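Q: Input: one structure, supplied below.
Please treat every number below as a calculation from the coordinates, not as lab data. What you see is a predicted model, and the numbers here were worked out from it, not measured in a lab. Here the Cβ is made from the backbone with ideal geometry for all residues, glycine too, and neighbour counts use every protein chain on show.
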Amino acid sequence: MKTENVVLMQMARESLKGKWGLAIGTFALYTLIIVGIQAIPIAGLIASLIIGGPFSVGLAIFSLSISRNKDAKLEQIFQGFNNFGTALGAYLLMVLFISLWTLLLIIPGIIAAISYSMTFYILADDKSIAAMDAIDKSKKMMHGYKWKFICLVLRFLGWTLLCILTLGVGFLWLIPYLQVSVAKFYDDVKANSLTTGNI
């Protein structure tokens with residue numbers, strides 16, 4: 001049974017209680033690293049492609065730890081580098097596939113991005129799964145959940161506009177809230193997919 005998005009967001013806030021400082025500090029550090037690297041001309045773009053996958057897996061590990069009320073630690077955002085090849089491969093394949101779909105039309109590219117959106121959470125959960133298998137599993141999991149995911153993200157649109165009015169300061173709270181909400185969404189979809197035999 002699907003859990004309503006508003007309930008998932010409520011659950012995310014509950015999981016973040018007492019951990020807001022850790023979450024804000026962790027995501028702020030991640031942002032500083034990425035922005036710092038991207039500021040380097042040409043080399044920064046290449047470096048971003050190389051580290052994007054491992055960091056995305058690390059963020060998924062950290063977000064799932066908070067979401068599941070486990071012991072979350074800042075250094076978890078670097079754990080994706082422990083499985084560097086798979087994380088890199090998944091990231092590059094996703095960039096390639098989304099780019100190819102976007103060449104046709106914008107909408108197919110967006111649909112592809114949503115279909116692949118659970119990939120890094122799958123890699124965070126299963127260290128032995130191959131990159132392409134994780135992408136395929138994400139596609140299967142998101143079957144019937146794409147619109148629900150869009151609705152979840154749209155619920156943060158108003159908050160995003162308010163964060164812009166605060167000159168970006170509000171994003172320190174919004175990004176952890178969004179990330180943990182998506183982690184809750186992943187666990188909900190995963191549980192339902194296992195029940196229905198979709199994965």
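Q: Kindly put ASP133, ASP71 in sequence by how many other C-beta atoms sit within 10 Å of each C-beta, fewest to most.
A: Fewest to most other Cβ atoms nearby, the residues stand as ASP71, ASP133.
Q: Also, quick follow-up: Divide by every residue of the chain the summed helix terms, -39500 (n - 2.57) for each DSSP H run of at least 4, and state the resulting mean residue ellipticity at 222 nm, rounded to the nearest 500 deg cm²/dmol.
A: The helix contribution divided over the chain gives -24500 deg cm²/dmol.
Q: To make sure I understand the rule: partners must be aspartates and glutamates, Cα under 16 Å from the Cα of LYS127, and not fewer than 8 residues away in the same chain. Which ones qualify?
A: Here the aspartates and glutamates satisfying the reach criterion relative to LYS127 are ASP136.
Q: For each of LYS137, LYS127, count neighbouring Cβ atoms within 10 Å of the residue's Cβ, then give the residues from fewest to most.
A: Taking fewest neighbouring Cβ atoms as first place, the list is LYS127, LYS137.
Q: List the trypsin sites (Lys or Arg not before Pro) within region 4-50 that fall in a DSSP loop (any state other than H, G, I, E or B) and whose Cβ has at most 14 other Cβ atoms within 10 Å.
A: LYS17
Q: Now, a different point. Quick check for me: using +1 on Lys/Arg Cβ and -1 on Asp/Glu Cβ, what's the dipole size of region 5-193 about its Cα centre, in debye to the nearest 20?
A: Computed charge dipole of region 5-193: roughly 360 debye.
Q: Separate question: What is the Cα radius of gyration of the chain over 2.2 N^0.38 Å, N being its residue count?
A: Compared with the compact-globule rule of thumb, the chain sits at 1.00.
Q: Give me TRP101, TRP20 ranked fewest to most by other Cβ atoms within 10 Å of their Cβ, as a rough exposure proxy.
A: TRP20, TRP101
Q: Same structure again: Distance cut-off 25 Å, Cα to Cα: go down the list LYS139/LYS184; LYS140/LYS184; LYS73/LYS148; LYS146/LYS190 and report the pairs above it.
A: As for pairs spanning more than 25 Å Cα to Cα, those are LYS73/LYS148.
Q: Let me ask another. Enter the Cα centre distance for the pair region 62-104 and region 123-175, rounded to the nearest angstrom.
A: Distance between centres, Cα-based: 12 Å.
Q: Given points 7 Å out from each Cα along the Cα-Cβ axis, report the LEU22 to LEU49 separation in nanometres with one decimal.
A: Here the modelled spin labels are 3.6 nm apart.
Q: Please compute the length gained on full extension between ILE40 and PHE78, using 0.36 nm multiplied by the number of residues separating them and subtracting their Cα-Cα distance.
A: Full extension from ILE40 to PHE78 adds 11.6 nm.
Q: Can you give the FRET efficiency to the nearest 0.05 for ILE106 and VAL6, using r as the Cβ-Cβ distance and R₀ = 30 Å?
A: Efficiency, rounded to the nearest 0.05: 0.60.
Q: Mind checking which aspartates and glutamates have their C-alpha under 13 Å from LYS19, skipping anything on the same chain fewer than 8 residues away?
A: Hits, sequence-local ones excluded: ASP71.
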